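The values are calculated or read from the model by the stated rules, or taken from the named source; none is laboratory data. This is a predicted model, so every value here is computed, not measured. Here the Cβ positions follow ideal geometry from the backbone for every residue, glycine too, while neighbour counts run over all protein chains shown. All accessible areas refer to the heavy atoms of the entire protein, side chains included, with ligands and DNA or RNA removed. Shrake-Rupley method; radii C 1.70, N 1.55, O 1.52, S 1.80 Å.
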Amino acid sequence: MPEDVARLLATVPEWFGQPESNAEYIQAARNKETWTVRNGQGAVLGVLLAERHYAHCAEIHLMVVDRGYHGGGIGSALCAAIEADALARGVQLLQVKTLGPSHPDAGYAKTRRFYEKQGFLPLEETSLWRAGTPCLIMVKPLTDK
């Protein structure tokens, strides 16, 4: 799976262009809960890495979709799968961290819109990451509908 994460990250360097961060994501693929979307031949088109901090909350640590498949529903399918599983496990809150809106990056503006369409709400922009890289924490309350 780390090889798939490395390959997918390389398709979207404008989102994942920090070699040290990419190395951490690739390493995380060795031990974090992993969700994938594959094509009919078994090739991985999208990956979601998740972690559970407490019984009531889970985090999307990484989600990356091959550039050639953006807009095709893979990210939405990954979100739906992790949400359904989280609900079944009694998780009440799902979170994701992304580049905050105080940074002018247009690609991450698209990322924030994607997560908002999935029902995530901006909670707080912090200086959790290095200088010049504001971290936006987004959360989604999970409920049975």
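Taking a probe of 1.4 Å, how large is the accessible area per residue of the chain, in Å²? Write down the numbers at each step before the final one.
Numbers: 7800 Å² over 145 residues.
Using a 1.4 Å probe on heavy atoms only, each residue of the chain averages 54 Å².
Rounded to the nearest 500, what is the 222 nm mean residue ellipticity of the chain from helices alone, with -39500 (n - 2.57) per DSSP H run of 4+ residues and division by all residues? Could the numbers behind the result be given before it?
On the way: 4 runs with 47 residues, N = 145.
Result for the chain, helices only: -10000 deg cm²/dmol.
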Exercise. (i) 38; (ii) 50; (iii) 20: which one is percent of Cα pairs over 26 Å apart as calculated from this entry?
Worked result: (iii)
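With +1 assigned to the C-beta of every Lys and Arg and -1 to the C-beta of every Asp and Glu, and no other charges, what is the dipole magnitude of region 1-139 about the Cα centre in debye, to the nearest 20? Numbers along the way, then the final one.
Working: 13 positive and 15 negative charges, 36 e Å.
The dipole magnitude comes to about 180 debye.
Shape of region 1-85 from its Cα gyration tensor (a ≥ b ≥ c, root eigenvalues): rounded if a/c is under 1.5, otherwise prolate when a/b > b/c, or oblate? Each step should come with its number before you reach the end.
Details: a/c = 1.69, a/b = 1.14, b/c = 1.49.
Oblate, since a/c reaches 1.5 and b/c is not below a/b.
Counting only other residues whose beta carbon sits under 13 Å from that of residue 106, what net charge do I get with K and R as +1, D and E as -1? Display every interim value, and only then the final one.
Numbers: positive: 110, 112, 113; negative: 14, 105.
It works out to a net charge of +1.
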Exercise. If you average 1/r over all unlike Cα pairs in region 81-129 and invert the result, what Kirkwood radius do you get in angstrom?
Worked result: 12.3
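Nearest 5 is fine: what % of DSSP beta bridges in region 1-135 come out antiparallel, could you say? Write out the running numbers ahead of the final one.
Details: 16 of 20 bridges.
Taking every DSSP beta bridge within region 1-135, about 80 percent pair in antiparallel fashion.
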